[in-house]
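Any read-out appearing in this document is the output of simple, stated calculations on the displayed coordinates, not a laboratory observation. Note that the structure is predicted; figures quoted are calculated from it, not measured. When we count neighbours, we look across all protein chains shown, and the Cβ atoms used for this are built from the backbone with ideal geometry, even at glycine.
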Amino acid sequence: GPLPIEKLWGVGERTRKTLAHLGVETIGDLGCVPLELLDRKLGKHGLHLSLLAKGVDEREVETERQVKSIGHEETYREDILDMAMARRVLLSLATRVAKRLRGHGFVGKTVTLKVKYHNFVQITRSVTLQEPTDDGREIFQSCCDLLSKTEVSKRAVRLFGISLSQLDLADKERQLALFEQRREAPKRKRLNRALDTISDKYGDEAIVPGSLLE
């Protein structure tokens, strides 16, 4: 059901009473109050709460709609003929899909690789990971493992696609990670955030780590 307004970070008793006078009882209600009114009653704090409420509310709606999978696919003007080129385009796709997952606040457990050959025959190959992920390297490695179950490099490829399913909210995964977190995980998450920023500024091609292609 709708989340009560006091569940929103930063809403204490005084703020709750002020919002109640405006008819706000749930986080969803707050998203409907005009910004000018919130500014007048609560100043900057009101505007900040409105942004928070919209973020939480959108995530609730997104979950209720039950997004089944998040992915990306591309058709290539020239057929992909060899394994090195296949790995290069898969790394670009995996990086993009990971960024999309993080943008939606999800992690995924099942990685699916889609391949369409030059004669338009299409296949999919999937693997379920032990732990859900939003990390481009893990997604890329899984897809490289799946390549051995395809005829890539024996037959020309017209399209590649990568998607993640069995989605869960990333916050839950992060809470679990606190109990058994590898030492590298915090560094990796910081790196991923930095990569997203670079990607937004310079495009996806700027963030393909060369060492992964070797």
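Between their Cα atoms, which of Lys99/Lys154; Lys109/Lys201; Lys116/Lys154; Lys44/Lys99 are more than 25 Å away from each other?
Lys99/Lys154; Lys109/Lys201; Lys44/Lys99
Give me the log10 of I(q) over I(0) for the range 102-172 at q = 0.13, 0.22, 0.27 Å⁻¹, as the Debye formula computes it from C-alpha points; what are the numbers?
These q points yield log10 I(q)/I(0) values of -0.40, -0.90, -1.17.
Quick one: Karplus J couplings for the range 112-117, per residue in order, coefficients 6.51, -1.76, 1.60, θ = phi - 60°, nearest Hz, x for Gly and Pro?
Running phi through 6.51 cos²θ - 1.76 cosθ + 1.60 with θ = phi - 60° gives 10, 9, 10, 10, 10, 7 Hz.
What does the C-alpha gyration tensor say about the overall shape of the range 1-55? Classify as rounded when a/c is under 1.5, otherwise prolate if a/b is larger than b/c, or oblate.
Because its axes are fairly even, with a/c under 1.5, the range 1-55 counts as rounded.
Can you compute 3J(HN,Hα) from phi for each residue in the range 30-47, using the Karplus curve 6.51 cos²θ - 1.76 cosθ + 1.60 with θ = phi - 60°, rounded to whole Hz and x for Gly and Pro?
Along the range 30-47, the couplings run 4, x, 9, 7, x, 4, 4, 5, 5, 4, 5, 7, 10, x, 4, 4, x, 5 Hz.
Each residue of the range 93-98 in turn: what ³J(HN,Hα) in whole Hz from Karplus with 6.51, -1.76, 1.60 and θ = phi - 60°, glycine and Pro shown as x?
Running phi through 6.51 cos²θ - 1.76 cosθ + 1.60 with θ = phi - 60° gives 5, 4, 4, 5, 5, 4 Hz.
Label-point separation (nm) for Thr197 and Leu35, each offset 7 Å from Cα along Cα-to-Cβ?
That separation, rounded to one decimal, is 2.4 nm.
Under a 5 Å amide H to amide H cut-off, with H placed in plane at 1.01 Å, what residues pair with Ala156 once short-range neighbours are removed?
So Ala156 has HN proximity to His118.
Using the per-residue mean of other Cβ atoms lying within 10 Å as a proxy for protection, in what order, highest first, do the peptides 15-28, 89-102, 153-166 fall?
Most protected by this proxy first, the peptides run 89-102, 153-166, 15-28.
Taking the simple approach of a point 7 Å from Cα along Cα-to-Cβ for both Asn119 and Glu74, what is their distance in nm?
2.7 nm
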